[in-house]
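Here is the structure we will look at, set down as structure tokens.
The values are calculated or read from the model by the stated rules, or taken from the named source; none is laboratory data. A quick note: this is a predicted structure, and the numbers were derived from the prediction, not measured. Positions of Cβ are backbone-derived with ideal geometry, glycine not excepted, and every protein chain shown enters the neighbour counts.
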């Protein structure tokens, strides 16, 4: 899957001559993405609690995307499998979105928003019931995310106001006692090649 977007007078990419492509992440992108994440979040990003839900678990290949222009990765978003335990969401397909990152010099140019819209659209198309993330509520509200607590979802050792959820299915939209975010079992498949 690839989408091409060209700059136009009304968009943040106005005046740029190259095309930006949103595409599924490839195995060849892995090291470039790690470098981008270090530039965006710093090398201590691994200390964040949300990374414990990703330890020894592969991201979902069909839900990992990059924004590429002239062969250069400008942004990335990934999804990881998680479980929702001890609540009504048990058995639902739940994913942890993140990290999402854009080349620091290109922040506020719309790349992150485009990646978010694609990520949500594809998660919906692929039958995900609910997306959970840890991040700035003000930023993620524009994509429909709300406090996970509104759905009865908690994430141990995370700041509750930063834990956000976006229910995609009618069943998930009706949650009031979703449960506790838990690690999924390690998956054997790698990022899409």
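Of note:
- Taking segment 130-146 as the range and being at pLDDT below 95, outside any helix (DSSP H, G or I) and farther than 21 Å from residue 183 by Cβ as the test, only 136 passes.
- Residue count, segment 118-132 (criterion: over 12 Å from residue 92 (Cβ atoms) and touching a residue at least 40 places away in the same chain (Cβ under 8 Å)): 7
- Filter pass, residue 127 being within 15 Å of the chain's Cα centre (by Cα) and part of a loop (DSSP other than H, G, I, E, B): no
- Selection within segment 58-72: residues that are under 16 Å from the mean Cα position of the chain (by Cα) and surrounded by fewer than 20 Cβ atoms within 10 Å (Cβ to Cβ). The member of this set that is farthest from residue 171 (Cα to Cα) is 58.
- In segment 170-184, the residues that are in contact with a strand residue (DSSP E or B) (Cβ under 6 Å, 6 or more places away or on another chain) and assigned to a loop (DSSP other than H, G, I, E, B): 178, 184
- Subset of segment 85-119 (residues that are at pLDDT 90 or above, in contact with a helix residue (DSSP H, G or I) (Cβ under 6 Å, 6 or more places away or on another chain) and more than 28 Å from residue 154 (Cβ to Cβ)): 102
- Members of segment 147-169 found to be modelled with pLDDT of 95 or more and assigned to a loop (DSSP other than H, G, I, E, B), listed by number: 152, 168, 169
- Given (1) within 23 Å of residue 28 (Cβ to Cβ); (2) in contact with a helix residue (DSSP H, G or I) (Cβ under 9 Å, 6 or more places away or on another chain), number of the condition residue 82 does not satisfy: (1)
- Residue in segment 30-43 that is at pLDDT 90 or above and buried (at least 22 other Cβ atoms within 10 Å of the Cβ) present: no
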